[in-house]
Amino acid sequence: MREFIIIFKQAFMTKAKTKSFIITTAIMIAAVFLFANISTIVETFQSITGGDKDSAEVLYVIDTSGNLGTSLVTQLSANEADVTVELTDKSEQVLTDEVRDGEIDSFVVLGLDSTNRITATFSSMSALDFQLPMMIEDALQTIQTELNANELSLTTEQVQTLFTPISFEQTSVSPSAKTEEELGQARGLVYVLMFLIYFSVIIYSIMIATEIAAEKSSRVMEILISSVSPAKHMFAKILGVGSLGLVQMVLFGLAGFIALKTSSSDMVDGFFSVFGFSNMNVMTVVYAVVFFLLGYFLYATLAALLGSLVSRTEDVQQMIMPLNLLIVAAFMIAATGLGNPEMLYLKYASFIPFFAPLVMFLRVGMLELPVWEPLLSIGIMLVTIFILGWFGARVYRGGVLMYGPSKSLKDLRKAIQLGKE
């Protein structure tokens, strides 16, 4: 046990003291605070530079009908559009030249055809200007409706009755379905936590494989395995780096909590309510921690196994490529279920141990599942981790003694045979 604790501390402290770990943690914490207060920073910057005052766009209007321009001003004002409308007597060619020279932003030419239908031509420098044209089109559509109502001698009440929207509600009889509001809140939280689990598993698994390969390349491994069993060394490495990952996740969580409390009230009510943080489900967070730990140990055991087969850190990326593909496949399957988590293939994939950390977490976060489903998935993952640990220890025992370039996964048989000697 003493040797296990020594290797555990060495794996934890060695990585914790590296500049890359410290700098990455500091940058991520700073990014959390920056993101939580981005609205305040933007407002402060705009107040210093005068952005709010000068940001209102001016729309020049050529009105060939004589009365559409005034109606457009009224409609845009009613919609509180951040645009100033100015009627002008300049020709279309003159305004086109001014737009091209950057003197004005945009203009629109309004008119009526022979059937009393509004015609409009919007011109600006950018072809990607979508927001203002959409506002103008909506306003003109309202004006067109009023013109048609006048032609048909319809009263205002009759027009409102004509365009009264229907009452439409969506319900689900599925016992696992949540309401649309609950689903929207859960989707944002699950999306964020899925990314966290995905990147954490990749980073820490690669960290373990690289650490083992580095010890082999420096011949330190030969000294270590003479005083401690390879299996004990492997699990001490896994737990050491895993504990470091948990510490980093706790730091990120504390930073997010403090940022949430210190951010403006608008940010809390707006952004965090959309992503589900204002009404966070405790069980979703608990499942996130459980599946993070299980996913880490599952992939970390594989990473340690594969890392023991290489003698140079340069070969680590090539050797753990199958592991990375498994994680990417799990994330892609889970991501496709964000829109509809009740798809059948997601249910099957959530019981496959290499996909379960992300897919089952997606389902348990967005659906009302019976308790036995996540528990069964967790049980399958625990059994898989135990089997991988047993098999990985056998491979690790011989793999740490193998030197020279590793050709492929065929070296697994050689490692197992060498471990028996």
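Below are the figures for this structure:
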| read-out | value |
| --- | --- |
| Cβ-Cβ under 9 Å pairs, at least 6 apart or on other chains, the range 381-395 side in a helix (DSSP H, G or I), far side open to solvent by 90 Å² or more (accessible area, probe 1.4 Å) | 394/420 |
| The listed residue being under 17 Å from residue 76 (Cα atoms) and modelled with pLDDT under 85, out of 110, 132 | 132 |
| Pairs, first touching a residue at least 24 places away in the same chain (Cβ under 8 Å) and over 26 Å from residue 113 (Cα atoms) in the range 147-166, second acidic (Asp, Glu) and open to solvent by less than 90 Å² (accessible area, probe 1.4 Å), C-beta under 7 Å, six or more apart | none |
| Search result, residues across the range 312-335 that are open to solvent by 10 Å² or more (accessible area, probe 1.4 Å) and in a loop (DSSP other than H, G, I, E, B) | 312 |
| Any hit, the range 167-176, residues being modelled with pLDDT under 80, surrounded by 13 or more Cβ atoms within 10 Å (Cβ to Cβ) and closer than 30 Å to residue 343 by Cα | yes |
| When residues of the range 219-277 are limited to those that are of a type in the set (Val, Ile, Thr) and in a loop (DSSP other than H, G, I, E, B), the one modelled with the lowest pLDDT | 225 |
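The values are calculated or read from the model by the stated rules, or taken from the named source; none is laboratory data. Keep in mind it's a predicted model, so treat the numbers as computed, not measured. Please note: Cβ atoms are built from the backbone with ideal geometry, for glycine as well, and neighbour counts cover all protein chains shown. When the accessible area is computed, the model is the full protein with side chains, heavy atoms only, and any ligands, DNA or RNA have been set aside. Shrake-Rupley method; radii C 1.70, N 1.55, O 1.52, S 1.80 Å.
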